[in-house]
Amino acid sequence: MAIANESHQEEQNMQEHHGAGRYVVIWVVLLVLTLVTVYTGRMHLPDFGLLLALVIASVKGTLVALYFMHLSEHRGANRLVFGVSIAFVVLLIGFTLMDFGTRFRLSNPPGSQYSDLQAVDIGANQAEGRPGGHQQKIKQKGETHE
């Protein structure tokens, strides 16, 4: 009986048309968040850049699901599933970042913000003539090698 009442109530909600103003406001907010993502993506934020990008993406996805997919108008099981999925994503991302940030330093990739090792630049070794790489002989114009 609860399902029948819920679908009847949703049918009444669908008949009430919302103005375009709400969708324009959400669209502008999504555009602003996209600009913030692009702007912060060009900045060097080693400590919290990944976390900031994930939070912005999660907020944008939540806004799309709530307003453009009309989940804000639904009741009952739909809200429960949406809430549990958001909590699950937060837990997965949180546990992954905690694991990556607290693991043994030498197990992190060289050059990452969590590693003490310097990044290996193979091209620099070859250009500087250090041993360990194959050096290419370059012939300049006018030179002949016998």
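A short reminder: the numbers here are calculations on the coordinates, not readings from a lab. These figures come from a predicted structure and were not determined experimentally. Don't worry about glycine lacking a Cβ; one is built from the backbone with ideal geometry, like all the others, and counts go over all protein chains shown.
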Can you work out the FRET efficiency for the pair Phe68 and Val120, with r the C-beta to C-beta distance and R0 = 41 Å, to the nearest 0.05? 0.35
Between Leu80 and Lys60, what FRET efficiency follows from the Cβ-Cβ distance if R0 is 30 Å, with the result rounded to 0.05? 0.85
P(r) histogram, all alpha-carbon pairs of region 18-73 included - 10 Å bins from 0, percent: 23, 45, 23, 9, 0
